[in-house]
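J.: My questions all concern the structure below.
The values are calculated or read from the model by the stated rules, or taken from the named source; none is laboratory data. Not measured: the values here are computed from a predicted model. Every residue, glycine as well, gets a Cβ built from its backbone with ideal geometry; the counts of neighbours run over all protein chains shown. SASA here: full protein model, heavy atoms, side chains in, ligands and nucleic acids out. Shrake-Rupley method; radii C 1.70, N 1.55, O 1.52, S 1.80 Å.
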Amino acid sequence: MHTLTRLVILLAAMPLASAAVAQTHNANRNAEALAAMKASFEPHGQAGMDRLDQDKTQALCSAYAPHAPPARLAAKLLTANRDSVKYPADGKYLGDWKRGQAIAEEGTGKQYSDDPSKPSGGNCYACHQLDKQQIAYGTIGPSLYHYGKDRGRSEAMLKLTWSRVYDMKGYSLCSAMPRFGSKGILTEQQLKDVMALLFDPDSPVNK
Ligand code: HEC
């Protein structure tokens, strides 16, 4: 075979080969980690052992972590996650930004020590800058300051943002952002309130 042809074939096969090695390596390590967690964790309140069960998206991301899974494997799950989004029944995306701000600041919910009958918070500040008043915020996610001001409030933009907050794994498969809608963390009304925080011209996000 012509040397150049060989080189081209070799280069083309390389990413596949290294992804396969990473996956096998992860499978062994993940199985060990899961066994260790199952042996040492105990269910406590609302935090049951089912928290260790991964859905297809999480399993694929774990199989390739810290790399992104190959695009051909990710595509179907991205579509499925986007298709799972439920839009507001009354077609209205925006609630009350003041309530939205309280939800964004609230970090409780879903932990064993939290009262399951109380609504969960969104804890958005843990990962995002949202306004100029807040001086302590996380930077895992991009700044959302001027979110609505910069993007406008078209139906398409509201729908896209709703869908992202509902399930970011429909856009970025291995996103660190909690899937607020599809995992039932926030209610429809809470999602509307958080949307108002992002889009209302009077919200500190857009000042
Ligand atoms: C654990 C971290 C984390 C938390 C908590 C979090 N996010 Fe995110 N968010 C991210 C990351 C990371 C991204 C970037 C997208 C990605 O994952 O690739 C993102 C992206 C976004 C985007 C899209 C930004 C854009 O320019 O398209 C919006 C909107 C958003 N987050 C809103 C929220 C809201 C509202 C909350 C609270 C209800 C929240 N996020 C809580 C991590 C987080």
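J.: Whole Å is fine, so just give me how far the alpha carbon centre of the range 138-185 lies from that of the range 50-89.
T.: Cα centroid of the range 138-185 versus Cα centroid of the range 50-89: 16 Å apart.
J.: Additional query: Using the Karplus curve 6.51 cos²θ - 1.76 cosθ + 1.60 with θ = phi - 60°, what ³J(HN,Hα) values do you get for each residue of the range 75-82, in whole Hz, with x for Gly and Pro?
T.: Ordered by residue, 3J(HN,Hα) equals 4, 4, 5, 4, 5, 4, 5, 5 Hz.
J.: Got a sec to turn the phi values of the range 61-69 into Karplus ³J(HN,Hα) couplings, 6.51 cos²θ - 1.76 cosθ + 1.60 with θ = phi - 60°, whole Hz, x for Gly and Pro?
T.: 5, 5, 4, 10, 4, x, 8, 7, x
J.: Using all C-alpha to C-alpha distances in the chain, build P(r) with 5 Å bins and read off the rounded percent in each one.
T.: 1, 7, 12, 15, 16, 15, 12, 8, 6, 4, 2, 1, 1, 0
J.: I'd like the distance separating the alpha-carbon centroids of the range 189-207 and the range 22-43, in whole Å.
T.: The two parts, judged by their Cα centres, are 40 Å apart.
J.: What net charge do the residues around Ile103 carry, taking every other residue with its C-beta under 13 Å from that of Ile103, with Lys and Arg at +1 and Asp and Glu at -1?
T.: It works out to a net charge of -1.
J.: Taking the Cα atoms only, what angle lies between the long axis of helix 3-40 and the longest principal axis of the chain, rounded to 10 degrees?
T.: 60
J.: Within the set of other residues whose C-beta is less than 12 Å from the C-beta of Ala89, count the net charge using Lys and Arg as +1 and Asp and Glu as -1.
T.: Details: positive: Lys86, Lys92, Lys192; negative: Asp90, Glu188.
The answer is +1.
J.: Between Ala47 and residues 5 or more places away or on another chain, which pairs have amide H atoms under 5 Å apart, with H built 1.01 Å from N, and which residues are they?
T.: Sorted by chain and number, the residues that satisfy this are Tyr112.
J.: Could I have the simple spin-label model distance between Ala80 and Met37, label points 7 Å from Cα toward Cβ, reported in nm to one decimal?
T.: Placing both labels 7 Å beyond Cα along the Cβ direction yields 1.9 nm.
J.: To continue, here is another question. What does the net charge come to around Met49 if you take all other residues with beta carbon closer than 9 Å to its beta carbon, with K and R at +1 and D and E at -1? Each step should come with its number before you reach the end.
T.: On the way: positive: Lys38, Arg51; negative: Glu42, Asp50, Asp53.
Local net charge: -1.
J.: So for the range 105-178, what percent of the C-alpha to C-alpha distances run longer than 16 Å? Display every interim value, and only then the final one.
T.: Working: 1643 of 2701 pairs.
Roughly 61 percent, rounded to a whole number.
J.: Report, in degrees rounded to the nearest 10, the 0 to 90 angle that the Cα long axis of helix 155-166 makes with the longest principal axis of the chain.
T.: Orientation of helix 155-166: about 70 degrees from the principal axis.
J.: Cβ neighbours within 10 Å, averaged per peptide: list 34-43, 144-153 in order, most packed at the top.
T.: Working: 34-43: 10.2, 144-153: 15.9.
Final packing ranking: 144-153, 34-43.
J.: Per residue of the range 177-187, what does 6.51 cos²θ - 1.76 cosθ + 1.60 with θ = phi - 60° give for ³J(HN,Hα)? Whole Hz please, x for Gly and Pro, Karplus curve as stated.
T.: Working through the residues one at a time gives 6, x, 8, 4, x, 5, 9, x, 7, 10, 7 Hz.
J.: Taking only protein heavy atoms into account and a 1.4 Å probe, give the accessible area per residue of the chain in Å². Can you show the working numbers first?
T.: Numbers: 12620 Å² over 207 residues.
For the chain, the solvent-accessible area averages 61 Å² per residue.
J.: What is the calculated FRET efficiency for Lys92 to Lys183, with r their C-beta to C-beta distance and R₀ = 30 Å, to the nearest 0.05? Can you show the working numbers first?
T.: Values: r = 23 Å, r/R0 = 0.75.
Rounded to the nearest 0.05, the efficiency is 0.85.
J.: Considering only protein heavy atoms and a 1.4 Å probe, what is the carbon-and-sulfur percentage of the accessible area of the chain?
T.: 59
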